[in-house]
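Before any comments, here is the structure.
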């Protein structure tokens, strides 16, 4: 049976990346970039592994996608990420001119919508895709951290 | 004669980085990170060279400084940059918890102050250090681009 390549399908791929991050002790956020219906970049948060606050999933994904495309701009791409981007990542998405941002869980505290960061006027946004799964992953991570 | 290591001195070092960017055909922005009065990172804009919108001077400088320090946070560091940071870079500085941000020219259009990006509450900000030189460098670059 063919699996339809819809928002849920690609968000599931981003969630797989978030699970890899979790296994490495990273805050579990994953992202994929899609161009013409194909995944051209997969990335997850690496801030602990790389000792680098800039190593969020979206930043890695934007860099990898641009590398694949051979151009700086993601005009005809969709970026899927399990958590609403922060100011830094939304600022990077602004420069990338990505066509569409699709995120899972909302981040009421540090998300770009609360912080007032501007995306590129051309970027369409959909939030809340597989929200519960993405949100649960974050809650489990922080709960396990508190127990330690 | 000893040159005093004041804001002008370190901004001059950032401007030297901006000149290197200019020679490479990059938008001329440079940055240095200072810890205990010593420069621990020097960087310049590399967006064209790396084909990567995330390769701003500040992002490179934060990554390099964290690598030098062996820790993610720049709590006891000053970041000098020739141009007021954009949303993405201010967002990265937010996560870095940098002690002080010192910038040269203001960016009324895309600067983080106009865009409303939040720095970390602990970060002190000084703008306008060697502003004229930094501003002139940007004007010259864009004027030469228009002539081509």
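No value in this document is a laboratory result; all are computed from the given coordinates. All values derive from a computational prediction rather than experimental measurement. In this analysis, Cβ positions are derived from the backbone assuming ideal geometry, glycine residues included, and neighbour counts consider all displayed protein chains.
Taking the DSSP beta bridges in segment A:14-148 as the whole, what percent of them are antiparallel, to the nearest 5? Rounded to the nearest five, the antiparallel share is 55 percent. Helix B:131-147 axis versus longest C-alpha principal axis of chain B: approximately 30°, rounded to the nearest ten.
What order do you get for A:29, B:98 when you list them from fewest to most C-beta neighbours inside 10 Å?
Ordered by Cβ neighbours within 10 Å, fewest first: B:98, A:29.
From the alpha carbon centroid of segment B:13-29 to that of segment B:41-81 is 14 Å.
Report, in degrees rounded to the nearest 10, the 0 to 90 angle that the Cα long axis of helix A:7-23 makes with the longest principal axis of chain A. For helix A:7-23, the angle is close to 40 degrees.
Contact order, relative form, for segment A:49-146: 25 percent (alpha carbon pairs under 8 Å, 6 or more residues apart, mean separation divided by residue count). Distances between copies at residue B:143, taken between label points 7 Å from Cα along the C-beta direction, are 6.3 nm in increasing order.
Using Cβ contacts closer than 10 Å as the measure, can you line up A:130, A:101 from fewest to most? Kindly include the intermediate steps, with their values, before the conclusion.
On the way: A:130 20, A:101 24.
Final ranking by Cβ density, sparse to dense: A:130, A:101.
Once you average over the residues of A:46-53, how many Cβ atoms of partner chains fall within 10 Å of each Cβ? Walk me through the intermediate numbers first.
On the way: counts 0, 3, 1, 0, 4, 8, 11, 15.
For peptide A:46-53, the averaged partner shielding equals 5.
Label-point spacing at residue A:13 relative to the other copies reads 4.4 nm, in ascending order, each point sitting 7 Å out from Cα along Cα→Cβ.
Within the listed set B:100, B:84, B:48, the residue fluctuating most in the Gaussian network model of chain B (springs between alpha-carbon atoms under 10 angstrom) is B:48.
Shape class for segment B:1-74, computed from the alpha carbon gyration tensor (a ≥ b ≥ c): oblate, with a/c not under 1.5 and a/b at or below b/c. Each of A:19, B:44 has some number of other Cβ atoms within 10 Å of its Cβ, and from fewest to most they run A:19, B:44. Average projection, convex hull of the Cα set of chain B: 9.0 square nanometres. The coefficient of translational diffusion for the protein assembly as shown, derived via Stokes-Einstein from the alpha carbon Kirkwood radius under 10 °C and 1.306 mPa s, stands at 81 µm²/s. For chain A, the longest principal axis of the Cα atoms and the long axis of helix A:57-69 meet at an angle of about 30 degrees.
Here is how far apart the residue B:50 label points are across copies: 0.8 nm, shortest first, using a point 7 Å from Cα toward Cβ.
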